[in-house]
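Have a look at the structure below, then the notes.
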Amino acid sequence: MLHLVAFIVIGLVVGAIFIRKSRAMAAIIRVVGGLVGALAGGFISLGALGSNSTTGKYGSLVVAVVVAAVVAGIAAVISNLSSVSGRN
C-alpha cells in the first residue's frame with residue numbers, strides 16, 4: 001500500500017514538472033503520462049526485483065521516477081506537436 005502511494009505521488013510530481021507554459025489539455029496529458037509511467041515502471045520493477053529485498057523496495061522507486069520522467073517527456077513532445085499543428 002505504501003508503494004502505491006509513493007508511485008502516485010512520484011507520478012503527480014514528475015507530471016507537474018512538465019506542465020510549465022502549457023494549456024489545460026496538454027497539462028492533463030503530461031500529468032497522466034507521469035502518473036502512468038510511475039505506476040507501470042514502479043510495479044513492474046517491484047515485481048521483477050522482489051518486494052522483500054532492499055534493492056527491490058528502493059530500486060522500484062528510482063525506476064518509477066525515471067520511467068515517469070521519460071513518459072511525461074514523451075507526452076510533452078506529443079502535446080506540443082498537436083498544438084503546433086493547430087489542434088488542441
Options (i) 1.08; (ii) 1.17; (iii) 1.79 for Cα Rg over 2.2 N^0.38 Å; the value derived from the coordinates is listed as (ii)
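Can you show me the helix-derived [θ] at 222 nm for the chain, built from DSSP H runs with n ≥ 4 at -39,500 (n - 2.57) apiece and divided by the number of residues, rounded to the nearest 500. Could the numbers behind the result be given before it?
Working: 3 runs with 73 residues, N = 88.
Taken over the chain, the calculation gives -29500 deg cm²/dmol.
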For the range 1-52 (alpha-carbon point model, no solvent) the Debye-based log₁₀ I(q)/I(0) at q = 0.18, 0.19, 0.23, 0.32 Å⁻¹ works out to -0.56, -0.60, -0.77, -1.12
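Take the solvent-accessible surface of the protein heavy atoms, probe 1.4 Å, and return the percent of it on the chain that carbon and sulfur atoms account for.
Values: 4070 of 5480 Å².
Answer for the chain: carbon and sulfur cover 74 percent of the accessible area.
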If the label point sits 7 Å along Cα→Cβ of residue 6, residues of the range 44-69 with amide N under 15 Å come out as 44-68
Dividing the mean separation of Cα pairs under 8 Å (6+ apart) by the residue count of the chain yields a relative contact order in percent of 34
With every protein chain kept in place and a 1.4 Å probe, the chain has an accessible area per residue in Å² of 62
Once both label points are put 7 Å beyond Cα along the C-beta direction, the residue 51-residue 23 separation in nm becomes 4.2
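The values are calculated or read from the model by the stated rules, or taken from the named source; none is laboratory data. Values in this document were obtained by computation on a predicted structure and should not be read as measured data. Note: ideal-geometry Cβ built from the backbone for every residue, glycine included; neighbour counts use all protein chains shown. The area values use the complete protein model at the heavy-atom level, side chains included, leaving out ligands, DNA and RNA. Shrake-Rupley method; radii C 1.70, N 1.55, O 1.52, S 1.80 Å.
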